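Trainee: Quick one: the structure is below, questions incoming.
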Amino acid sequence: MITTYLKREFHNSKNLFSIKEKLETWNLEPVEGKSVVESNSEHYAHIEIKIYKNQDDLNFIDWKITNDQIPHEIGYKEIIEKVLKFFIEYFAAIRGEYHGLTFEINNGSFKKNFDTQGVDFNRATFLAIINCFDKTNEDFSKEIFPKISGNKYTKEFLSKSFKEKIEQSLIDENVIAEIQKILIEIQKTSIIHLLNIESRDQLAEIITSKLNRPEIYNLFEKGILTKYGDLTLVGFSHILNYYNEFDFKKVMS
């Protein structure tokens, strides 16, 4: 006989019990909540969300934030996503049926140099959900830190292998063809001034505005976009290369 230890993944899930009755009677109209997690050891995470029923009966996360606010490279978005998936199942268990929910992430921030950890966003997301239905649980009086440069933070965590990944992608004919197909439809004058790492979010908006969901997913599969619609460093490198502006210093600056 084999015994397997089941590690608890959501240490704050029990706190949802405090809003159980409100979830039972929620009319599915939009609700908004926010949370800032801080501790004496300088841990910090901040998130603001809006939840409402959509018409598709599917579940979506609408990331209305930039990569500077919550960077995708470090894994915080995946943690937020896991908590929201847990809430979807918890809500379905309470109501006895599934409802298609949209979660808008409308604001957020973090602190660099390990002051923000995964558990901080885990707790902050649970508290923000609770705050949607119970404003007494979180007074939100804690300090909200200004946005921190995502590219500066990311640079500290990039591995040496990332350079190899970019080099390999830049000679991939399939990826090159996809990039050319998109950029040929965009006037150079509208994009040339954005060819710097600080403008990566604006570049992503221009590109995704020309695409439908299957096309965005295709670029995610090729490593050009993240599943959140952000432009990866590989994707940024391809755009620079298309305009003959590629230089590793521009990507890693």
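Trainee: Given the residues N54, N59, N67, which is the only one that is polar (S, T, N, Q), open to solvent by 50 Å² or more (accessible area, probe 1.4 Å) and over 16 Å from T125 (Cα atoms)? Lay out the reasoning, then the answer.
Mentor: Working: N54 fails: open to solvent by 50 Å² or more (accessible area, probe 1.4 Å); N67 fails: open to solvent by 50 Å² or more (accessible area, probe 1.4 Å).
Checking each option against the conditions leaves just N59.
Trainee: A further question follows. Just name the residue that is least open to solvent (accessible area, probe 1.4 Å) out of those in the range 181-212 that are of a type in the set (K, R) and in contact (Cβ under 8 Å) with a residue 40 or more places away in the chain.
Mentor: Initially, the range 181-212 is screened for residues of a type in the set (K, R), giving 181, 188, 200, 210.
Remaining after also requiring in contact (Cβ under 8 Å) with a residue 40 or more places away in the chain: 188, 200.
On the way: K188: 112, R200: 17 Å².
Result: R200.
Trainee: Examine the range 229-239 for a residue that is open to solvent by 70 Å² or more (accessible area, probe 1.4 Å) and out of contact with any strand residue (DSSP E or B) (no Cβ under 6 Å at 6 or more places or on another chain), and state whether such a residue exists. Break it down into steps so the answer makes sense when it comes.
Mentor: We begin by selecting, within the range 229-239, every residue open to solvent by 70 Å² or more (accessible area, probe 1.4 Å); these are none.
Within the range 229-239 (the criterion being open to solvent by 70 Å² or more (accessible area, probe 1.4 Å) and out of contact with any strand residue (DSSP E or B) (no Cβ under 6 Å at 6 or more places or on another chain)), the answer is no, since none of the residues qualifies.
Trainee: Is it the case that K34 is surrounded by 15 or more Cβ atoms within 10 Å (Cβ to Cβ), modelled with pLDDT under 95 and under 14 Å from V119 (Cβ atoms)?
Mentor: On the way: surrounded by 15 or more Cβ atoms within 10 Å (Cβ to Cβ): yes; modelled with pLDDT under 95: yes; under 14 Å from V119 (Cβ atoms): no.
No.
Trainee: If we keep just the residues of the range 1-30 that are at pLDDT 90 or above and of a type in the set (K, R), which is nearest to G96 (Cα to Cα)?
Mentor: Among residues in the range 1-30 that are at pLDDT 90 or above and of a type in the set (K, R), the one nearest to G96 (Cα to Cα) is K20.
Trainee: Could you say whether any residue in the range 91-105 is within 14 Å of I51 (Cα to Cα) and either of a type in the set (G, A, S) or open to solvent by 50 Å² or more (accessible area, probe 1.4 Å) (or both)?
Mentor: At the first step, the residues of the range 91-105 found to be within 14 Å of I51 (Cα to Cα) are 91, 99-105.
Add one more test, that the residue is either of a type in the set (G, A, S) or open to solvent by 50 Å² or more (accessible area, probe 1.4 Å) (or both), and what stays is 100.
Taking every residue of the range 91-105 in turn, at least one turns out to be within 14 Å of I51 (Cα to Cα) and either of a type in the set (G, A, S) or open to solvent by 50 Å² or more (accessible area, probe 1.4 Å) (or both).
Trainee: Further question: Name the residues in the range 10-31 that are surrounded by 15 or more Cβ atoms within 10 Å (Cβ to Cβ) and either aromatic (F, W, Y) or more than 15 Å from Y52 (Cα to Cα) (or both), would you? It would help to see each step written out before you state the result.
Mentor: Our first condition is that a residue be surrounded by 15 or more Cβ atoms within 10 Å (Cβ to Cβ); within the range 10-31, this holds for 10, 12-13, 15-16, 19, 23, 26, 31.
F10, N12, S13, N15, L16, I19, W26, listed by residue number.
Trainee: Just name the residue that is farthest from Y76 (Cα to Cα) out of those in the range 213-228 that are open to solvent by less than 10 Å² (accessible area, probe 1.4 Å) and touching a residue at least 40 places away in the same chain (Cβ under 8 Å). Quick ask: steps written out before the conclusion?
Mentor: Looking only at the range 213-228, we keep the residues that are open to solvent by less than 10 Å² (accessible area, probe 1.4 Å), and these are 219, 224-225.
From what's left, touching a residue at least 40 places away in the same chain (Cβ under 8 Å): 219, 224.
Numbers: L219: 21, I224: 19 Å.
Checking each candidate, the answer is L219.
Trainee: For the range 51-109: of the residues being of a type in the set (D, E) and more than 24 Å from T232 (Cα to Cα), which is farthest from the chain's Cα centre (by Cα)? Steps first, answer last, please.
Mentor: Let us first name the residues in the range 51-109 that are of a type in the set (D, E), namely 56-57, 62, 68, 73, 78, 81, 89, 97, 104.
Within this subset, residues satisfying the condition of being more than 24 Å from T232 (Cα to Cα) are 56-57, 89, 97.
Details: D56: 22, D57: 22, E89: 20, E97: 27 Å.
That would be E97.
Trainee: Of all the residues that make up the range 77-89, how many are in contact with a helix residue (DSSP H, G or I) (Cβ under 7 Å, 6 or more places away or on another chain) and open to solvent by 10 Å² or more (accessible area, probe 1.4 Å)?
Mentor: The total comes to 2.
The values are calculated or read from the model by the stated rules, or taken from the named source; none is laboratory data. Note that the coordinates shown come from a computational prediction; the quantities given were computed from them, not determined experimentally. Backbone-built Cβ (ideal geometry, glycine too); neighbour counts: all protein chains shown. Calculation scope for accessible area: heavy atoms of the full protein, side chains included, ligands and nucleic acids excluded. Shrake-Rupley method; radii C 1.70, N 1.55, O 1.52, S 1.80 Å.
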